[in-house]
Every structure is written in C-alpha cells, then in structure tokens.
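The next block holds one structure in the form of structure tokens; read it before the comments.
The values are calculated or read from the model by the stated rules, or taken from the named source; none is laboratory data. Quantities reported herein were computed from a predicted structural model and do not represent experimental measurements. For neighbour counting, all protein chains shown are included, and Cβ atoms are generated from backbone atoms with ideal geometry for every residue, glycine included. Ligands, DNA and RNA are stripped out before the accessible areas are found, and what is left, the full protein with its side chains, is counted by its heavy atoms. Shrake-Rupley method; radii C 1.70, N 1.55, O 1.52, S 1.80 Å.
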Amino acid sequence: MKDKIIKIVTIVGARPQFIKAAVISRLITNEYSGALSEYFVHTGQHYDSNMSEVFFQEMLIPEPDINLEVGSGSHGRQTGEMLYKIEEVLLQQKPDWVMIYGDTNSTLAGALAAGKLNIPVAHVEAGLRSFNRKMAEEQNRVLTDHLASLLFCPTEVARQNLEAEGIEAGVEVVGDVMYDASLFYRTMLEGMLAEQRSLPSANFYLLTLHRAENTDNPERLAAIVEALNSLDNFKGVFPIHPRTRKALQRQGQKLKAHIKVVEPVGFLEMLRLEEACDFVVTDSGGLQKEAYFFAKPCITLRDQTEWVETVEAGWNVIVGADKENSLLTLLIN
Ligand code: UD1
Ligand code: UDP
C-alpha cells in the first residue's frame, strides 16, 4: 500500500516569514513531494509589493494558494480577522499539520485557529524569548509555543527557554532556517544584480528600523534620529519599513542626507547590502543574525534581544534608544 502523503497548511503573512518559509517550501517541493504536500496561506498582513510579492518572485517558491487579504489594523482586529479566515481555510483543507513561523500576529492566529480545531501545530523558530511581555511578538511567541506540538528551536538557548516553561515534548533543536536562507540565496547573488541600482558597494552602514517600541514612541524615535543625524562621518543606507516612513512623517522627524533612505528591498538585494556594508544598525530580529552570518558588527537599537548568542559572541551590542544616545557614544569611542 502507498504511504499516505502528509498534508501541511503553511501560514505566513509578514516579510521575514516569506524568507523562512521559502527554505522549507523549496525542500517540500524538491525533495519531499512524495511524502509531504503543502497548501500555502498568506494572511495578507504585509501587502505592498516590496514587502510581499518581491519575495515570491525572487525566492523560487510558488505563489500562495490563497491570500486572506487581512491587511493592516489594530492587533485585535488584525489577529481576529486572521483567526476566523484561517479557520475557514483549515475546515476546508483538513490538513494533518499546520506549520507556522516566527512571532507575528499571523503566527499566533495560525496557532490559535489550528489549536482550537485540534490540528497539530509545528512552530519554526520556537523558544525565542526577549522576556519583555509588553512586546506583541513576545506574547505571540509564548502563546504559540504553548499551543504547538512540534517545536523547532534554532538554538540550545531556545530549547532551555521552553524547558523553563515546562515544554519538553516535541522540542527539537534544528538550527536556524534563516542561516539556510542566507547560504542558499547568497549563491543566487552573482550576476543577478549588476545592473540593478545605485546603492553603494562600499563604505556604508546598513540601517533598518521598524519595531513598534521605537517607531511608536516619539521620544525613542527622536533620540534615534538625533543620533543617526549626528553620525555624519558615516554613510548609511536605510531600506525603510512603511511603518517607519509613516512614523517619521507623523512625528515630523527628518534624516539628514548622509543617510540614504530607499524603499524596502528584496532579499537578494538585502543580502548584497549585508555583504557590502561595514556594519549594521538595526532593531530587526532577522538582521541581527544576518549581520553575524556575514561577520559584520551589529548595533541593536533595542533594550533586549532574543538572539543572545550574537551578543555573547561579541558581534552584537544592545544599545537601547534612549536620550543618552548610547549609539552615538558607542560609535564615537
Ligand atoms: C510585523 C510584526 C513584527 C515583524 C515585522 C516584520 C506583528 C505584531 N509584528 O510588524 O514582529 O518584525 O512585521 O517586518 O505581527 N504597512 C504598509 N504596507 C505593508 C505592511 C505594513 O504600509 O505591506 C504599514 C501599515 O501602516 C501598518 C504598519 O506598517 O499599520 C505596521 O504593519 P504590521 O504588519 O501591523 O506590523 P509590522 O510593523 O510590519
Ligand atoms: N529584509 C529584506 N528587505 C528589507 C529589509 C529586510 O529582505 O528591505 C529582510 C532581512 O534581510 C531579514 C528579514 O527581512 O531576512 C527581516 O525582516 P524584518 O526586519 O522585517 O523582521 P524581523 O526579523 O525583525 O521580524
């Protein structure tokens, strides 16, 4: 008798999830199609073409089977709309597993919808903790991990975090899927981008900024802008998240010309910038690690990080974003 094909519904919605899911989707299609099938759900949390479509075009993964077009909104509204729309999909698709990634509202909605239907959940990037329960992402991580049956941890620290919360069954330390992404897609860089754009190829730092705790806190945002503007002996390249563009406009903050603000870039261009830059300044989870993968020093504009290993290894410094302008102090000294 032929073995049953295990049906997975993958649920993603935000930029870093397209990158993570691309690695696994390619494997399912190319190496495990006899054992696994995948139905790919995009919640629509990110929807601008440079926050979504570009990743499907570049990363050799099929278009989503369905886009729930939930879009932006308050946490409750966005997560709630995802929850009932995902439930409809799961009732129709009847998967054996639901696969979710990371810590966004799309992750939690997927976990909750599946959990309530008693469909087992596999969580990729399980066990990360900032221990700051005010962060939406921390709430999403903790709740998701407690609903999951298979928990794929990127690191041993992540496994220990789960153990401390009493989660031991179904936990596997499998390594970091974003490392696989950076290795695989780096090989596609050559020859693809030569004609592409006017971004510098040397002597700059790469900047990203989008965390709610920075963009939606006028004092922190002002302190960051002040610090970056003062660093006029460094050139910065800043692919700006739409949330941050809106926050800067709303709060009347302007970055000076030595920081080149550009639209969000695709993953391949991002890898090229990471390879070319001198150092990274960011509040992104993913970029802290990619800086490490590319052996670039990273300055993290947050008060804590989930990726403590990058700090312990000496490649990442957590500087916060307060009025003392610790970023500036750090770079000047
Ligand atoms: C979300 C995740 C965050 C992750 C980030 C990755 C949550 C709670 N947050 O944050 O963990 O690090 O994605 O980038 O899930 N917007 C657009 N176009 C888009 C998408 C967003 O203009 O395509 C603007 C909207 O004004 C929106 C704002 O960005 O209100 C925030 O978007 P949202 O998806 O709610 O949160 P992110 O900050 O992107
Ligand atoms: N990224 C990208 N284009 C950009 C900015 C980021 O492709 O303009 C990639 C980045 O290289 C990393 C991922 O998006 O792989 C990180 O996503 P983001 O910072 O949005 O979210 P986080 O990791 O903080 O959840």
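Just need a number here: residues in segment 92-117 that are away from ligand 2 (no atom under 16 Å from the Cβ) and assigned to a strand (DSSP E or B).
Counting residues in segment 92-117 that are away from ligand 2 (no atom under 16 Å from the Cβ) and assigned to a strand (DSSP E or B) gives 3.
Assess whether residue 3 counts as being away from ligand 2 (no atom under 14 Å from the Cβ) and either assigned to a loop (DSSP other than H, G, I, E, B) or within 20 Å of the chain's Cα centre (by Cα) (or both).
Details: away from ligand 2 (no atom under 14 Å from the Cβ): yes; either assigned to a loop (DSSP other than H, G, I, E, B) or within 20 Å of the chain's Cα centre (by Cα) (or both): yes.
The answer is yes for residue 3.
Test each condition in (1) touching a residue at least 24 places away in the same chain (Cβ under 8 Å); (2) touching a strand residue (DSSP E or B) at 6+ places or on another chain (Cβ under 7 Å); (3) surrounded by fewer than 19 Cβ atoms within 10 Å (Cβ to Cβ) for residue 254 and report the one that comes out false.
(2)
Which members of segment 219-278 meet the condition of being more than 13 Å from ligand 1 (Cβ to nearest atom) and among the polar types (S, T, N, Q)?
Listed by number, the residues that qualify are 229, 230, 233, 251, 253.
Can you pull out the residues in segment 45-61 that are of a type in the set (A, V, I, L, M, F, W, C) and either open to solvent by less than 40 Å² (accessible area, probe 1.4 Å) or within 11 Å of ligand 2 (Cβ to nearest atom) (or both)?
We begin by selecting, within segment 45-61, every residue of a type in the set (A, V, I, L, M, F, W, C); these are 51, 54-56, 59-61.
Matches in segment 45-61: 51, 54, 55, 56, 59, 61.
Could you list, ordered by first residue, the pairs with Cβ atoms under 7 Å in which the first is in segment 225-249 and in contact (Cβ under 8 Å) with a residue 24 or more places away in the chain and assigned to a helix (DSSP H, G or I) and the second is open to solvent by less than 20 Å² (accessible area, probe 1.4 Å) and of a type in the set (Gly, Ala, Ser), at least 6 apart or interchain?
Cβ pairs passing all conditions: 228/236.
Going by what's in this entry, would residue 136 be described as over 16 Å from the mean Cα position of the chain (by Cα), within 16 Å of ligand 2 (Cβ to nearest atom) and of a type in the set (Gly, Ala, Ser)?
Numbers: over 16 Å from the mean Cα position of the chain (by Cα): no; within 16 Å of ligand 2 (Cβ to nearest atom): yes; of a type in the set (Gly, Ala, Ser): yes.
Criteria not met by residue 136.
Could you pull out the residue among 37, 130, 74, 106 that is surrounded by fewer than 24 Cβ atoms within 10 Å (Cβ to Cβ), under 17 Å from the mean Cα position of the chain (by Cα) and not aliphatic (A, V, I, L, M)?
Details: 37 fails: under 17 Å from the mean Cα position of the chain (by Cα); 74 fails: under 17 Å from the mean Cα position of the chain (by Cα); 106 fails: surrounded by fewer than 24 Cβ atoms within 10 Å (Cβ to Cβ).
Selected residue: 130, the only one of 37, 130, 74, 106 that is surrounded by fewer than 24 Cβ atoms within 10 Å (Cβ to Cβ), under 17 Å from the mean Cα position of the chain (by Cα) and not aliphatic (A, V, I, L, M).
Being surrounded by fewer than 19 Cβ atoms within 10 Å (Cβ to Cβ) and either within 12 Å of ligand 2 (Cβ to nearest atom) or not hydroxyl-bearing (Ser, Thr, Tyr) (or both) is true for just one of 288, 249. Which residue is that?
Details: 288 fails: surrounded by fewer than 19 Cβ atoms within 10 Å (Cβ to Cβ).
On inspection, the qualifying residue turns out to be 249.
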